[in-house]
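Below is one structure; the comments refer to it alone.
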Amino acid sequence: MLSVMAATSLALSLLVAPEAPSTADVVPPGKITVDVVTVNGSGCPAGTAAVAVADDNTAFTVTYSDYTAQAGAGSTPTQFRKNCQLNLRVHYPQGFTYGIAKADYRGFASLPRGAKGMQRASYYFSGSSSTGSSTHNIPGPKVDNWQFTDSTDVAEIVFAPCGMVRNLNVNTEVRVTTNSSNQSAFVSMDSTDGSVNTRYQFAWKRC
């Protein structure tokens, strides 16, 4: 299970290659399952993450509840950076594959003047040298929700190899810095009103 502490909603859309049929035409039969193989990182302590798969096999969600980087007053030197690495195994019928094309990241930031935050993400299939990544800066002053959307050109989408079992690795990170030890600053990939889902939307391609 996965969880986040202030306002994180991440939606990764997985699109088909140009020559593949549209998403509506390509939905694998049977049930898709996602197993969390490992969860590592200061942003997702043990027992704070959960994965659920949509009934129509088009998406799965990861829920975080303790994912906040802090700096300044009331924080320790190691709290300025939090990260989470998920190693996931997606079980789906033979003859299909998928790739990540879009990601929506959401969270909450409390940044006084002079403070700044950063959100970073990368994802890749085990055994593959191709990695998709993004970095976004969050300047202060800001006391509000934040949201970023990353899109990948269809021609550059990295698909899981056909006919091979390759785990999906999702790495995320938040950081915060402040120029005053008397001020408190934080950046969360979670919600002020509880945990929020990180949603991965599937689109399938026939091999």
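Observations, loosely collected:
- Considering region 74-105, and only residues there that are of a type in the set (Lys, Arg) and within 12 Å of Val174 (Cβ to Cβ), the residue that is most open to solvent (accessible area, probe 1.4 Å) turns out to be Arg81.
- For region 150-163, the condition holds for no residue, the condition being that it is over 12 Å from Ala115 (Cβ atoms), within 15 Å of the chain's Cα centre (by Cα) and at pLDDT 90 or above.
- Of the candidates Val90, Val53, the single residue that is among the β-branched types (Val, Ile, Thr), closer than 28 Å to Val27 by Cα and either touching a helix residue (DSSP H, G or I) at 6+ places or on another chain (Cβ under 6 Å) or in contact (Cβ under 8 Å) with a residue 40 or more places away in the chain (or both) is Val90.
The values are calculated or read from the model by the stated rules, or taken from the named source; none is laboratory data. Here the structure is a predicted model, which is why all the values come from computation and not from measurement. Neighbour counts are summed over all protein chains in view; Cβ atoms, including those assigned to glycine, are modelled from backbone coordinates with ideal geometry. For the accessible areas, the whole protein counts, side chains as well, though only heavy atoms, and no ligand, DNA or RNA atoms are used. Shrake-Rupley method; radii C 1.70, N 1.55, O 1.52, S 1.80 Å.
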